[in-house]
């Protein structure tokens with residue numbers, strides 16, 4: 001990836017150009033990781049990336065920023081009284097904008113229930129089910145349900161959601177990936193600040209722990225208004241990056257296909273950087289260290305090529321391990 005100064009210069013150049021075009025950002029995410037200590041691909045799974053704060057200020061750590069880079073993250077939903085999340089669909093404004101209904105709960109705009117389709121009468125095109133295992137459509141006053149063996153892929157507004165296939169193509173240009181893997185498969189990496197099962201906090205020398213989605217997470221009621229980025233990440237613990245693919249505040253189910261272990265995470269940050277994904281020629285899912293350790297026993301780096309399968313689920317889906 002070049003020398004430490006070359007990688008840092010690359011990131012600064014990206015930030016300057018994007019800042020001029022898009023204005024300030026909440027933050028840029030942390031290091032993706034150049035491999036676990038055993039892989040020899042870096043100094044730990046999160047790497048030694050320089051964390052760049054909202055104003056472009058250099059953070060602690062040395063080396064290139066690997067995780068984030070780019071504009072403020074796409075928008076999320078709204079809050080209800082008491083901090084609860086209103087079902088706002090799974091739109092990812094400014095990126096994939098997959099504004100279908102958040103299909104595990106009845107859509108708010110469905111109108112009077114249809115005798116044949118119940119609360120899903122407004123599903124004139126196929127929408128993914130809330131658990132991501134099927135897709136639903138109301139046609140001729142009848143609810144059509146199609147199971148998706150590999151999971152359901154949420155598409156942009158006005159386009160039918162589809163069942164995932166078993167193959168995908170890969171391309172990442174610009175600062176970070178914006179295109180979902182059509183088969184739902186990603187390599188997993190680790191970043192950020194989080195807490196373990198005993199409440200012990202874990203940091204990340206390669207990340208500033210200020211998620212790009214911080215303001216959205218607060219608006220959604222997922223973190224209190226007074227939380228710092230670090231406090232918000234530790235509070236959530238079960239989180240992932242890839243906001244340009246899935247949208248801030250949306251949720252995904254992540255599975256280690258070799259063991260069957262699964263966990264639900266909330267999307268909080270941008271990244272990882274395209275040069276990380278291009279280095280392994282595959283889309284990368286950058287998650288909290290707690291998720292890596294639950295699924296694989298240790299933090300993972302891109303060079304470890306640890307495969308996970310990702311399916312989008314309702315925002316109401318509880319975070320954490322899936323029983």
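The values are calculated or read from the model by the stated rules, or taken from the named source; none is laboratory data. Model, not experiment: these values are computed from the prediction. Counting neighbours? That spans all protein chains shown, and the Cβs are built from the backbone with ideal geometry, glycine included.
Check off (1) closer than 20 Å to residue 250 by Cα; (2) at pLDDT 95 or above; (3) crowded, with 19+ Cβ neighbours inside 10 Å for residue 100 and give me the number that stays unchecked.
(2)
With surrounded by fewer than 19 Cβ atoms within 10 Å (Cβ to Cβ), over 23 Å from residue 148 (Cβ atoms), modelled with pLDDT of 95 or more and touching a strand residue (DSSP E or B) at 6+ places or on another chain (Cβ under 7 Å) as the only criterion, which of 320, 301 stands out?
On inspection, the qualifying residue turns out to be 320.
Residue 265 - would you say it is buried (at least 22 other Cβ atoms within 10 Å of the Cβ), in contact (Cβ under 8 Å) with a residue 24 or more places away in the chain and touching a helix residue (DSSP H, G or I) at 6+ places or on another chain (Cβ under 7 Å)?
It is true that residue 265 is buried (at least 22 other Cβ atoms within 10 Å of the Cβ), in contact (Cβ under 8 Å) with a residue 24 or more places away in the chain and touching a helix residue (DSSP H, G or I) at 6+ places or on another chain (Cβ under 7 Å).
Taking the residues in region 222-242 that are assigned to a helix (DSSP H, G or I) and in contact (Cβ under 8 Å) with a residue 40 or more places away in the chain as candidates, determine which candidate is surrounded by the most Cβ atoms within 10 Å (Cβ to Cβ).
If we take residues in region 222-242 being assigned to a helix (DSSP H, G or I) and in contact (Cβ under 8 Å) with a residue 40 or more places away in the chain, then 233 is surrounded by the most Cβ atoms within 10 Å (Cβ to Cβ).
Can you say whether residue 276 is modelled with pLDDT of 95 or more, closer than 23 Å to residue 214 by Cβ and crowded, with 23+ Cβ neighbours inside 10 Å, as far as the supplied structure shows?
So residue 276 passes the test.
Return yes when residue 163 is touching a residue at least 12 places away in the same chain (Cβ under 8 Å), buried (at least 21 other Cβ atoms within 10 Å of the Cβ) and within 20 Å of the chain's Cα centre (by Cα) and no when it is not.
no
Would you mention how many residues in region 243-284 are in a loop (DSSP other than H, G, I, E, B) and within 15 Å of residue 217 (Cβ to Cβ)?
Number of matching residues: 7.
Only one of (1) closer than 22 Å to residue 282 by Cβ; (2) assigned to a strand (DSSP E or B) fails for residue 165. Which number is that?
Residue 165 satisfies all of (1) closer than 22 Å to residue 282 by Cβ; (2) assigned to a strand (DSSP E or B) except (2).
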